[in-house]
Each structure stands twice: as structure tokens, then as C-alpha cells.
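Heads up: the structure comes next, in C-alpha cells.
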Amino acid sequence: MIEYILCLVLFSIGLYCVLRKRNIIKIIIGLGIIEYAINLFFVLVGYRIHGRAPILAKDQLITNMVDPIPQALVLTSIVIGLAVTALIVAIAIRIYEKYGTFDITKIRRLRG
Amino acid sequence: MRNNKEVGMTLIVKTITRLTVGLILLYGIYIVLHGHLSPGGGFAGGVIIALSFIHLMLAFGREMAFKKLSQAWASVLESLGALMFLSIALLGFLGGYFFFNFFLHKGKPFDLFSAGIIPLCNIAISIKVGAGLFAIFAALILFQGSGKEE
Amino acid sequence: MCSLNMELHLLLLFMVFAAVGAVEIEDLLSSVIAVGAVGLGLSLAFLILKAPDLAITQLVVEILCLIILIRATIKKDLPLIKDGRWFFNTFSTLSFIALFLIFAYFALKELPLFGQPTMRVAKEYIQQGLQKTGAANIVAAIILDFRGYDTLGEATILFTAVMGVLAVIRRVGRINEE
């Protein structure tokens, strides 16, 4: 139970960073922390005490494996997170080139 | 600070890169090919292959890296990987439904040549992911803007 | 069993402290390095939770993410300016997060206990995995044979992201450069 609570504390730290910071790069960092917390939560749900990794070995009968389905879901989620981060960083670099600042309050006020 | 003829990093980094970048590429190919027997698979192997080319670009500068894999070739390879994956999936229609695992029982389990279409899918995904990530990196790092650099 | 829980708790505590450091430090380069520490701790956590595929993938993706983020730290961070409603904003954010954590605690009680999952669908995949697909790695068999559509969707997302980055970064054509 306490593992789930620590994982959600990590999520809320990332959420605080997205809501309260003014620099775009800090917001991207907060988004990354939220992704890490969600991936960790999925794998935590699928863990089995005294389980083994989901890989069969030759001439061995393995009866207690951890749940392999959350691992399959998280595997694609990790690579998708990388692609989304690269896209946001590209947009942030464009914003810096056009407005000269990373501050989101100033970006909102400039029009045209 | 630096003479204009020196691109990339210092001599120590260049020497170490010459020794290790081939090993990194080989390790990535190994992880892709053994994706159905040991941990790894297409995604991790593709990222490692992209990292080897990125290592080359960071140490030697962009001209040398583009001689090995130019930007046009990266786009072509990425599309080719996606098309290969899709055609493997569509060929399953020969057997009755989407993603059918033809030549399933043509090898013993725990061998390198087993598991039907899974190694082929891994190779297609690794080509796609590797070339795509290298294209992203080349575009982001070499972005000059309108010439306003510090 | 006790020793496993102790390692996992210490690793999670380390990740929480590193995340607090990443959020609060004002220098952009230092906070990017702190996010790298969180990611590496996550890779170790995947290893402790018996997921070797994920550990390898998270490690290499973390390295690439660090390189891309360091490219973005062009300008240093601005100092904190307390404009008029700073206290109210911070207080309302913290109270919302506290409310969220309280409700999450009541919701998490409905999950099965940590370490005893109900593997109803996974039982069939594990028992018939080797015979139906011929692959020894069950996770690879799941993402490429039992659930191949999801991998097709993920390949499409990657393709779209690469196209998006190349379209955003492209230099708009200029006729004459001064």
C-alpha cells in the first residue's frame, strides 16, 4: 500500500510543477515526472511476490511469473513518452526563437 | 577560443569514439535479433542503434555523421521500416486474419530461427525507430533559427 | 520478502527526493540532471520488480531524453517574482493536491494487495505462449502476436511525432537573406 502512495506522491510533485512554474522547460520536466510515475504505477500493479521475470528458460518449469500484460503496455508507453517530449521541445525552441523568452506569462500577452 | 578548422570534440573523445561506436552498433543489432529469446526487442534495439549514430555526430561533427547516414537516407529508411511492418501484418491475410503467424512451426523453440514472424517484426520496428530518432536528433541539434545564436 | 520491500521503499524515497530537487532548483541544467537521476532510479525499480525488458528500454530512452532536454536549456531560468496573487495560487494548488491524495488513498484500498494480482487474462497467455507463438520471451509474444494492433498504433504515433518535429523545425523559405 505504501508503494502506491509513494508513486502517487511522485505524480503529485510533477503535477505541482506543471501547474505552478513559469518557465516552459520546467513544465516539460514536470510532464516527464508525471510520465515516470504513471509507468511505475502500472508495473507496481502487476507485481507478484516471489515471482519470476516473464521469460521462459530451457528445461525449466516456471509456475509463478509476474504479470506480463502491464509490462507490454508500459513498453510502448515509454517510447511514446520520448516522442512526445521531443515534439514539445521542438515547439519550445520555436517559441524561444519567435518571442525571445521562455516565460509563459509574457508569451500570453504578446499578440501578433 | 577554438580554431575554426576543429569540429566536434577533443582528441581523447574522438579516439574513444572510434573504438566504441562499432561495438555499440553491434550490441544494438544483437538485442534486436534475440528479441524473442531474451529481454530487449525492437524498441530498445532501435534506440541503441540510433544512439550509436548520435554518438558519432556528437564526437565528430555533422559532416562526418552525414557521410555515414545522410538526412535523406534517414527519412527513406524510416518509411521503409513502417511499410515493412505493415506488409508483414497484411500478409497474414493469406492465413485468414490480420497478423497471422505464418511459418510458425518451422523451427524448434529456444532457437534463433523460431517464433515465426516475431524476429521479422522486430527488425522492421528497429529500423523504423532508429532512423526516426536519428532524424529527430539531427533536426533539433542543427536548428539554426534565423541566425540569432549566442 | 522483507528485504525486497525495503529496497523498493528506499528507491522510491530517493526518486521522490530527486523529483523535489528537479522541481525546486532554479538552475535549468541542474534540474535536468535531477530528472535524469529520477529516470535512472526508475530503471532500477523496473529491475527490482522483475521487468528486464522495461529496464533496458527505460535506460536508453532516458539517455536520449537527457540529450534532447539539454539542447533546450538555452537560456537560464528567471528568478522567482512574487506578483500579487502568489500566496493564494500556491495555497489553492497545494490544497487541491492534498484533496487528490486523500481521495486516491480511499480508491487504492479497492485494488488487490500489493504482490497478489488477479491474473485472469495473463494465465492463458503464459500457459499457451510458447506453444502458440514459439517465442520464449512472453512480453515480446504479447506485443507482437497476441496484441499486434497496439504495436501498429504505436508505430503510427512514432511516425507522426517524427513528421511533426521535422515540420516544426523546418525553416520557412526566405527569398533573400541579408
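Restrict the check to the stretch C:33-49 and report whether at least one residue is surrounded by fewer than 22 Cβ atoms within 10 Å (Cβ to Cβ), without any contact (Cβ under 8 Å) to a residue 60 or more places away in the chain and part of a loop (DSSP other than H, G, I, E, B). So far as the stretch C:33-49 goes, no, none of its residues is surrounded by fewer than 22 Cβ atoms within 10 Å (Cβ to Cβ), without any contact (Cβ under 8 Å) to a residue 60 or more places away in the chain and part of a loop (DSSP other than H, G, I, E, B). Based on what the data block shows, is A:LEU15 surrounded by fewer than 17 Cβ atoms within 10 Å (Cβ to Cβ), more than 26 Å from B:PRO39 (Cα to Cα) and within 7 Å of another protein chain (Cβ to nearest Cβ)? The answer is no for A:LEU15. Taking the conditions exactly as written (at pLDDT below 90 and buried (at least 18 other Cβ atoms within 10 Å of the Cβ)), does C:ASP77 satisfy them or not? Against the criterion (at pLDDT below 90 and buried (at least 18 other Cβ atoms within 10 Å of the Cβ)), C:ASP77 qualifies.
If you go through the stretch A:36-58 and keep only what is of a type in the set (Lys, Arg) and farther than 28 Å from B:ASP111 by Cα, you end up with just A:ARG48. The listed residues are C:GLY164, C:GLY115, and the only one of them that is under 21 Å from B:LEU80 (Cβ atoms) and either at the interface with another protein chain (Cβ under 8 Å from one of its Cβ atoms) or without any contact (Cβ under 8 Å) to a residue 40 or more places away in the chain (or both) turns out to be C:GLY164. Among the candidates A:ILE29, A:ILE49, the residue that is out of contact with any Pro (no Cβ under 7 Å at 6 or more places or on another chain) and free of Cβ contacts under 8 Å to residues at least 12 places away in the same chain is uniquely A:ILE49.
Whether a residue is under 17 Å from B:PHE43 (Cβ atoms), out of contact with any helix residue (DSSP H, G or I) (no Cβ under 6 Å at 6 or more places or on another chain), within 7 Å of chain C (Cβ to nearest Cβ) and without any contact (Cβ under 8 Å) to a residue 24 or more places away in the chain was assessed, and A:ILE55 passes this test. Yes or no: A:VAL84 under 30 Å from C:ASP145 (Cα atoms) and at pLDDT below 90? Answer is no for this residue. For A:ARG94, state whether it is within 7 Å of another protein chain (Cβ to nearest Cβ), surrounded by fewer than 18 Cβ atoms within 10 Å (Cβ to Cβ), free of Cβ contacts under 8 Å to residues at least 60 places away in the same chain and farther than 26 Å from B:PHE137 by Cα. Judged against the criteria, A:ARG94 is not a match.
Residues in the stretch C:51-63: is at least one in the same structural domain as C:VAL38 (by TED's automatic domain parsing), modelled with pLDDT of 90 or more and not in a helix (DSSP H, G or I)? Within the stretch C:51-63 (the criterion being in the same structural domain as C:VAL38 (by TED's automatic domain parsing), modelled with pLDDT of 90 or more and not in a helix (DSSP H, G or I)), the answer is yes, since at least one residue qualifies. When A:THR105, A:THR76 are screened for being more than 7 Å from chain C (Cβ to nearest Cβ), under 28 Å from the mean Cα position of the chain (by Cα) and part of a helix (DSSP H, G or I), only A:THR105 passes.
The values are calculated or read from the model by the stated rules, or taken from the named source; none is laboratory data. Computed from a prediction, not measured in an experiment: that's the story for all the values here. All Cβ positions, even for glycine, are placed from backbone atoms using ideal geometry, and neighbour counts span all protein chains on display.
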